[in-house]
1. Given the conditions (1) modelled with pLDDT under 95; (2) in a helix (DSSP H, G or I); (3) among the small types (Gly, Ala, Ser), report the number of the one that Ala251 does not fulfil.
2. For the structure I just gave you, tell me whether Leu350 is open to solvent by 60 Å² or more (accessible area, probe 1.4 Å) and more than 27 Å from the chain's Cα centre (by Cα).
3. When both residues are 6+ apart or on different chains and their Cβ atoms are under 8 Å apart, which pairs have a first residue that lies in region 595-621 and is surrounded by fewer than 17 Cβ atoms within 10 Å (Cβ to Cβ), and a second that is in a helix (DSSP H, G or I) and aromatic (Phe, Trp, Tyr)?
4. So, in region 405-442, of the ones that are part of a loop (DSSP other than H, G, I, E, B) and touching a residue at least 12 places away in the same chain (Cβ under 8 Å), which residue ends up surrounded by the most Cβ atoms within 10 Å (Cβ to Cβ)?
5. Any residue at all in region 518-528 that's surrounded by fewer than 16 Cβ atoms within 10 Å (Cβ to Cβ) and more than 27 Å from Gln588 (Cβ to Cβ)?
6. Can you tell which of Leu108, Leu18 is assigned to a helix (DSSP H, G or I), modelled with pLDDT of 85 or more and touching a Phe, Trp or Tyr at 6+ places or on another chain (Cβ under 8 Å)?
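The values are calculated or read from the model by the stated rules, or taken from the named source; none is laboratory data. Since this is a predicted model, take the numbers as computed values, not measurements. All Cβ positions, even for glycine, are placed from backbone atoms using ideal geometry, and neighbour counts span all protein chains on display. Surface areas here come from the heavy atoms of the whole protein model, side chains and all, with no ligands, DNA or RNA. Shrake-Rupley method; radii C 1.70, N 1.55, O 1.52, S 1.80 Å.
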Amino acid sequence: MAMERAEFETLVTRNEELARRAPAAYRRRVFGLAAVGYLYLGLVVLFLLVLLVLAALSVVYLRAVAIKLLVVTGAPLWMVLRAMWVKLEPPAGLRLTRERVPELFKELDGLRRRLRTPRIRHVLLTPDFNAAVTQIPRLGLLGWHESYLLLGLPLMKALTVEQFRAVLAHELGHLSGGHASSGNRIYRLRRIWQRLDATFTATPHWGSALIRPFFQRYIPYFVATSFPLARANEYAADAASVRLTSARSAAQALTAVNLVGSYLDEKYWPRISAATKDVSQPAFAPFADFSAHAVAEMPATELLKWRETALGIKTSYADTHPSLADRLEAIGAEAEFAPPLQGSDAAKLLGPEASRLEGVLDDQWRQRVADAWRRAHERSQANRSRLTELRTRASQAELDEHASLELAELEEEAGEGSTAALAMLRVLTQRFPDSLPVRFALASQLLRNDDAEGIALMESTIGATVDALLAGAQLLRDYYWRTKETELAQKWHERWVQRANVLQAAQQERSQCRTTDRLVGHELSAEVVARLVQQLESIPELTRVYLARKLTKHLPETPLYVLGFECTKWWRLADKATAHAVQQRIRQEVEFPGETLIANVERANARFAKKFRRVKGSRIL
């Protein structure tokens, strides 16, 4: 059972208060709760072992029955052990070795000695603008961790060596010994529990049935209870960064992460993606070409906007990482953007390997995006052709609502851009003031342009039609993320998740008809049924046709019809191939009044015919 957001925040708040009032008691609670998880696993295994031993001892007396008991108890034990031994996939990246990049490992060795961290077996270079330490338990829930250090090449190219050293010190601080080692263990344990829970959910074993029900409640509770400790661990890692470098270097690194991250998200990658309109293949080298020097050359107003936006983010329960402002306050330094000079960034720690590694990442990127790039280019060319056609039509006569909306969309994607599209949508709202599609399109355009005017318009559209909820919630969520209003972003993300879950459950419910489903009258008008029967009569193999409506739990306002048919004459044997062919003809040739499931109700499905016959007026042919 997943924990609701309000429940999670209440539990975190209560534990934060306990941590402030009685830190020792709070730590005992966290470590005691950590022990409970392993205790439960131990009790499950012990219980099954006892049953297995008793079954083995009873072989002499019970003989064949005891052998069956051995199988019955041994199989669950094996499955539970397999579930506990769940394998987590290691992170991906280019492996860096001491022989090829000695300067980088020299830096790591110095920091590791001072922080007393365990050995890091794998150092990986990634294409991400990030650095992270993660541990993979080789024995599943039993531990024996293997450490991975992930270093993003774009991050290295965005920082000076000293700033990058501060980042490394922070990440290694999560593994350090000394007085903070117990807190670090909890920090790592909560991440491992979360990853294992995700793995259980994605690839469940049979034995998980004895583990997952407990951990579905335990893991969210443990994560919420240990949240204050995990956040304190982030502050402790920042303190380690300051201790091994300086407060100024740590502040510069934190500032650069936010400003350069905004540049990459808003300028660098969108500019590369925009080339799909004109270039048929991704002939770019984004990692080799990237330089923090380009960020420094951005207009001062743009840099100031990114800086103020980053500093305006409030610490929330959405992430254990404190906000930039709180982290800077904790280390006693001001935000400062000091990008490296050309050729003096931290990527020089890779030495002569740097250019080769850039080339490998660029090759991987081109291979990864090649198919999507080609499809985007083909779509762009088709859009340009369609845009020309609609412009010609619009110059000759006024377009209807649907074509006008399409023209506005194409102007943004393949024409004069978002400004022209926005002007067209404002005109359309005057022409079609009651049109929900027009209102939704205008609200979407405004939100994508980070215009707050779109908020109320989108909320009113969602209120008018639930069909706009999924896409509208996503647009509002992304808008609030970009404007760093994390609480509102989280609110709309939860609404998006809830709607997505409903639609997913509805899709599963509507994908099949079972004998336990309740069928009722279709409630269609005589005219609609007559048109349907006329189409069905053109399929001569049909002997009987029933039509009913399935009562659904999800989206009950949208009817789901069920059509059952028979196609076998009374003197012939049922033919599965014929039934399949008839079903395909019905699906292709008959136009239904709504979503409809089609099933042959003969042979193994004859019980469905009885269900239809019990529904008054269900037989239509």
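1. It fails just one condition, (1).
2. Here the answer is no, as Leu350 does not meet what is asked.
3. Going by the 8 Å Cβ cut-off, the qualifying pairs are Arg619/Phe612.
4. Gly415
5. yes
6. On the way: Leu108 fails: touching a Phe, Trp or Tyr at 6+ places or on another chain (Cβ under 8 Å).
Sole residue among the options that is assigned to a helix (DSSP H, G or I), modelled with pLDDT of 85 or more and touching a Phe, Trp or Tyr at 6+ places or on another chain (Cβ under 8 Å): Leu18.
Yes/no matrix, rows are residues, columns are (1) among the aromatic types (Phe, Trp, Tyr); (2) in contact (Cβ under 8 Å) with a residue 24 or more places away in the chain; (3) under 30 Å from Glu494 (Cα atoms); (4) in a helix (DSSP H, G or I):
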position: Ala318; (1), (2), (3), (4): no, yes, yes, no
position: Ala325; (1), (2), (3), (4): no, no, yes, yes
position: Glu329; (1), (2), (3), (4): no, no, no, yes
position: Ala333; (1), (2), (3), (4): no, yes, no, no
position: Pro339; (1), (2), (3), (4): no, yes, no, no
position: Leu349; (1), (2), (3), (4): no, yes, no, yes
position: Trp365; (1), (2), (3), (4): yes, yes, no, yes
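Yes/no matrix, rows are residues, columns are (1) touching a Cys at 6+ places or on another chain (Cβ under 8 Å); (2) buried (at least 18 other Cβ atoms within 10 Å of the Cβ); (3) modelled with pLDDT of 95 or more; (4) closer than 29 Å to Phe164 by Cα:
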residue: Leu341; (1), (2), (3), (4): no, no, no, yes
residue: Arg356; (1), (2), (3), (4): no, no, yes, yes
residue: Gln364; (1), (2), (3), (4): no, no, yes, yes
residue: Arg375; (1), (2), (3), (4): no, no, no, no
